[in-house]
C-alpha cells in the first residue's frame with residue numbers, strides 16, 4: 001500500500017511551479033536567480049478585448065499591414081497612441097481607442113486588451129528558474145527546509161519567522177501580539193479566540209503559523225489578507241515534535257509561507273520553506289512511498305492529537321477494528337516508547 005507523505009525536512013531540494021491565473025507575459029529566463037519578491041510573470045484579469053482592423057482602417061491588404069504596425073505584442077499603449085501608420089503625403093493612422101496592451105497581431109488585425117486588474121506573479125522563494133511554462137509561469141528550484149501543514153487559507157507571503165510560543169502545546173496568548181512582532185510571520189499555538197486574527201491584521205503581520213484552531217474560527221481565518229496555516233488541523237492539538245524543533249531552530253530567518261489549499265490529487269499541501277545555503281544540493285524528496293520498517297510516522301486521528309512514532313512492521317493480514325471495519329494495520333512505536341497497532345490509513349510518512 002502506498003503511504004501518504006508529509007515533508008518535515010531540515011534540508012531538501014524542491015521544485016515549485018508558479019502559475020498565473022490566465023495567460024500572460026513571462027519576465028524571467030531559465031537559469032535566472034530569483035528572490036521571493038521578484039516578479040516572474042504578469043497578466044491582467046477581468047479585461048475586455050477589442051478587435052481592431054488595421055488593414056481596413058489603413059485601406060491596404062492584410063499582407064501589407066504588418067509593415068505599418070508600430071507596436072509589438074504585449075506592448076502597453078495609452079488611449080490616442082498610434083497603433084499603425086502609413087507613409088507619404090496622405091498618410092493614414094490607427095489610434096488606440098482606450099488604454100490597454102496588445103495581445104494578438106496577425107492577419108491585418110490587432111487585439112487590444114483593455115480594463116481589468118493587473119496581476120503580478122512573485123517568485124515566492126529564493127531559487128533558480130529551471131523551466132518556463134509559456135505564457136503561464138515558471139518552475140523554480142530551491143534548497144532549504146520544508147515543513148508542510150494540513151490546512152491553509154490560500155494566501156502567500158515572505159517574512160521573518162518569529163515565535164510567541166514557549167512550548168508545543170501552547171494556547172495562543174493574545175497579549176503577546178504587540179509591536180515587537182509587527183511585519184513578521186508568527187509561530188503560534190492553538191487559537192480559540194477570533195480576536196487573534198483581527199489584532200494580527202491591525203499590527204499588521206505577514207502570516208500566522210498555528211498548531212491548530214477551533215473549527216468555529218474557520219470563517220475568520222479564511223478571510224484574512226495574510227496567510228494562515230494549520231500544522232495539525234482543527235481542535236486543540238499541539239505541534240508535533242519534529243515540526244516544532246525545525247521551526248524553533250530557524251527563528252529570525254526569512255521564510256516563505258505558502259498557505260495554499262490542500263489538494264491530495266495534485267499532491268499540493270500548504271507549506272513553509274526556509275531557504276538555506278548549501279555547498280552540494282541534497283536530493284529531492286519523494287512524493288510516493290511504501291510502508292517500510294524504520295520510517296518515521298505521524299499517527300493521525302479525529303479524536304486525539306497526532307503522535308510521532310517509528311514503523312516496526314506492517315501486519316500481513318487484515319484485522320477487525322473496534323468500529324467493525326476490516327483493515328490492514330502496522331505496529332508503531334511511539335516517542336513515549338508505547339507500541340500500538342494503527343490502521344495504515346491513519347499513518348503519514350514523514351520525510
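Quick look at the numbers
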| item | result |
| --- | --- |
| √(5λ) per eigenvalue of the Cα gyration tensor, segment 10-150, largest first, Å | 41, 14, 11 |
| Euclidean distance of C-alpha centroids, segment 272-292 and segment 56-130, integer Å | 45 Å |
| Ranking of 165, 213 by count of other Cβ atoms within 10 Å, fewest first | 165, 213 |
| Label-point separation in nm, residue 128 to residue 19, each point 7 Å along Cα→Cβ | 2.5 nm |
| 185, 69, 239 arranged by Cβ crowding within 10 Å, fewest neighbours leading | 69, 185, 239 |
| Mean-position separation - Cα centroids, segment 178-204 and segment 222-236, in angstrom | 12 Å |
| Mean separation of Cα contacts under 8 Å, 6 or more apart, over the residue count of the chain: relative contact order % | 19 percent |
| Reported label for calculated Kirkwood radius over Cα pairs in Å given [x] 21.8; [y] 23.5; [z] 20.8 | [y] |
| Cα-based shape type of segment 188-274, given that a ≥ b ≥ c are square roots of the gyration tensor eigenvalues and the cut on a/c is 1.5 | rounded |
| For segment 42-118, radius of gyration divided by Kirkwood radius, i.e. Rg to Rh on alpha-carbons | 0.99 |
| Volume per residue that the Cα convex hull of segment 204-326 spans, once the total is divided by residue count, Å³ | 175 Å³ |
| Cα gyration tensor of segment 128-261 - equivalent ellipsoid semi-axes, whole Å, descending | 25, 17, 15 |
| Per-residue [θ]222 nm for the chain (sum of -39500 (n - 2.57) over DSSP H runs n ≥ 4, rounded to 500) | -2000 deg cm²/dmol |
| Distribution of pairwise C-alpha distances over segment 240-294, 10 Å bins, in % | 16, 38, 41, 6 |
| Cα Rg, Dmax (largest Cα-Cα span) when computed across segment 118-166, Å | 14.3, 47 |
| By average C-beta atoms within 10 angstrom, highest first, the peptides 71-82, 91-102, 325-336 | 91-102, 325-336, 71-82 |
| Residue order, fewest to most beta carbons within 10 Å, for 190, 49 | 49, 190 |
| Shape of segment 291-350, Cα gyration tensor, a/c cut at 1.5 | oblate |
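Only the coordinates and a few stated rules stand behind these numbers; no lab work does. In this text the structure is predicted, and so the values were computed from the model without any measurement. Neighbour counts run over all protein chains shown; Cβ positions are idealised from the backbone, glycine included.
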